[in-house]
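Okay, structure first, notes after.
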Amino acid sequence: MKRQDGIISWRNFSLSYSGISDKGQIRKENEDDFLVMENHRLFCVADGMGGEQAGQLASRTTLESAAKCMKYLSDTEDATMPYGLTADMLEKPLLASVTEFANFQVNKKSDGGTMGSTLVAAHFSEDNLNIAHVGDSRLYLWREGQLTQLTEDHSLVYELFKLGKITQQEMRDHKMRNVITRAIGTNSSVEPSLGHIDVQAGDIYLLCSDGLTTMLQAYDIVKTFKNGSSLSSLAESFISQANDAGGRDNITVLLIAVKENT
């Protein structure tokens with residue numbers, strides 16, 4: 001199990017975070033991973049695929065590449081452009097560049113194979129929270145007692161749900177629930193979904209792999225938030241509940257709580 005906790009200063013806020021990645025009850029290895037870049041206020045979750053070793057390599061490469069690209073784009077003293085980061089990427093929003101660079105690196109290591117990864121990234125910029133995602137790892141917002149899903153899965157079952165062909169319950173149990181329609185590294189190019197949101201004191205952001213959301217429904221997540229536990233206890237509770245429900249997949253949760261400095 002991987003675990004990381006900390007506090008970051010941002011504007012007139014403090015950002016407390018707690019992340020846990022657990023292999024679950026069925027899988028032999030953990031192909032999930034998460035990244036926290038405190039100096040750059042970047043938070044990411046990746047869920048690798050392609051078999052145990054390939055999945056681990058894919059998620060690790062995705063996050064290492066995201067960190068490398070973020071560091072280069074944010075640290076002006078670094079004059080050496082990483083191989084694979086092209087001039088046209090530099091003209092795009094920062095998280096689009098980060099995602100496309102990660103895609104290049106994973107695709108190169110895949111060498112025509114089926115290795116790939118999801119990615120959900122949250123970056124606290126100078127003004128707001130910027131979001132990018134590829135695949136079915138998610139970002140939720142807990143604000144004033146309401147849960148909002150800020151990302152839409154790039155998956156076959158989510159497309160069927162949007163078309164009204166299946167229900168949310170059927171999404172969780174569907175035999176094709178693991179088929180994603182967009183991933184890091186499976187093709188030479190990728191188009192991330194981008195977004196942004198204004199941040200408020202009291203917000204809690206949840207980044208997670210589908211190992212959580214296939215085991216717990218939205219009302220389970222709401223109930224857990226309403227218990228009002230500490231951030232680390234919330235993270236532990238999410239992992240425990242997903243495992244108690246069967247833990248069919250690796251489970252990763254990364255929570256960020258926003259508090260106004262006084």
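Pairing residues of the stretch 51-76 that are on the phi < 0 side of the Ramachandran plot with residues that are at pLDDT below 90 and aliphatic (A, V, I, L, M), at Cβ distances under 9 Å and at least 6 apart in sequence or on separate chains, gives 68/85; 69/85; 69/89; 72/81; 72/85; 73/85; 73/90.
Condition first: buried (at least 18 other Cβ atoms within 10 Å of the Cβ) and assigned to a helix (DSSP H, G or I). Now tell me which residues in the stretch 41-59 satisfy that. Break it down into steps so the answer makes sense when it comes.
At the first step, the residues of the stretch 41-59 found to be buried (at least 18 other Cβ atoms within 10 Å of the Cβ) are 41-50, 54-59.
54, 55, 56, 57, 58, 59, listed by residue number.
Within the stretch 221-262, restricting attention to residues that are surrounded by 16 or more Cβ atoms within 10 Å (Cβ to Cβ) and charged (D, E, K, R), the residue that is nearest to residue 47 (Cα to Cα) is 249. Of the residues making up the stretch 14-26, those that are crowded, with 18+ Cβ neighbours inside 10 Å, more than 16 Å from residue 66 (Cβ to Cβ) and not polar (S, T, N, Q) are 15, 17, 20, 22, 23, 24. Scanning the stretch 117-134 for residues that are in a loop (DSSP other than H, G, I, E, B), under 17 Å from residue 55 (Cβ atoms) and of a type outside the set (Asp, Glu) turns up at least one hit.
For the criterion of being within 24 Å of residue 255 (Cα to Cα), outside any strand (DSSP E or B) and β-branched (Val, Ile, Thr), residue 114 fails.
One residue stands out in the stretch 81-96 among those that are part of a loop (DSSP other than H, G, I, E, B) and within 20 Å of residue 129 (Cα to Cα): the one that is modelled with the highest pLDDT, namely 93.
Could you list all residues from the stretch 135-177 that are charged (D, E, K, R), outside any loop (DSSP other than H, G, I, E, B) and modelled with pLDDT of 95 or more? Matches in the stretch 135-177: 138, 143.
For residues that are crowded, with 17+ Cβ neighbours inside 10 Å and farther than 19 Å from residue 212 by Cα, scanning just the stretch 108-121, find the one that is modelled with the highest pLDDT.
Initial filter on the stretch 108-121 (crowded, with 17+ Cβ neighbours inside 10 Å): 110, 115-121.
Subsequent filtering for residues that are farther than 19 Å from residue 212 by Cα retains 110, 115-116.
Details: 110: 85, 115: 91, 116: 95.
Step by step, filter the stretch 108-121, then rank; the result is 116.
Looking only at the stretch 180-220, filter to residues that are over 22 Å from residue 47 (Cβ atoms) and β-branched (Val, Ile, Thr); which one of those is surrounded by the most Cβ atoms within 10 Å (Cβ to Cβ)? Spell out the reasoning first.
Restricting attention to the stretch 180-220, the residues satisfying the condition of being over 22 Å from residue 47 (Cβ atoms) are 196-203, 219.
Among the residues that remain, those that are also β-branched (Val, Ile, Thr) are: 197, 199.
Details: 197: 17, 199: 21.
Within the stretch 180-220, the match that is surrounded by the most Cβ atoms within 10 Å (Cβ to Cβ) is 199.
Would you call residue 239 under 22 Å from residue 153 (Cα atoms) and not in a helix (DSSP H, G or I)? Here the answer is no, as residue 239 does not meet what is asked. Being touching a strand residue (DSSP E or B) at 6+ places or on another chain (Cβ under 8 Å), in contact (Cβ under 8 Å) with a residue 60 or more places away in the chain and within 22 Å of residue 129 (Cβ to Cβ): is that true of residue 7 here? Spelling it out, it is not the case that residue 7 is touching a strand residue (DSSP E or B) at 6+ places or on another chain (Cβ under 8 Å), in contact (Cβ under 8 Å) with a residue 60 or more places away in the chain and within 22 Å of residue 129 (Cβ to Cβ). Can we say residue 57 is out of contact with any Ser or Thr (no Cβ under 7 Å at 6 or more places or on another chain) and either at pLDDT 95 or above or under 30 Å from residue 1 (Cβ atoms) (or both)? Yes; evaluated as a whole, the condition is true for this residue. Consider the stretch 141-163 and keep the residues that are touching a residue at least 60 places away in the same chain (Cβ under 8 Å) and either of a type outside the set (A, V, I, L, M) or closer than 14 Å to residue 214 by Cα (or both). The one that is surrounded by the fewest Cβ atoms within 10 Å (Cβ to Cβ) is 145.
Name the single residue, out of those in the stretch 122-140 being touching a His at 6+ places or on another chain (Cβ under 7 Å) and closer than 26 Å to residue 249 by Cα, that is surrounded by the fewest Cβ atoms within 10 Å (Cβ to Cβ). Across the stretch 122-140, the extreme among qualifying residues is 131. The residues of the stretch 1-35 that are over 13 Å from residue 235 (Cβ atoms) and part of a strand (DSSP E or B), listed by number, are 7, 8, 9, 10, 13, 14, 15, 32, 33, 35.
The values are calculated or read from the model by the stated rules, or taken from the named source; none is laboratory data. Keep in mind that this is a model prediction, so the values were computed, not measured. So basically every Cβ, Gly included, is an ideal-geometry build from the backbone, and we count neighbours across all protein chains shown.
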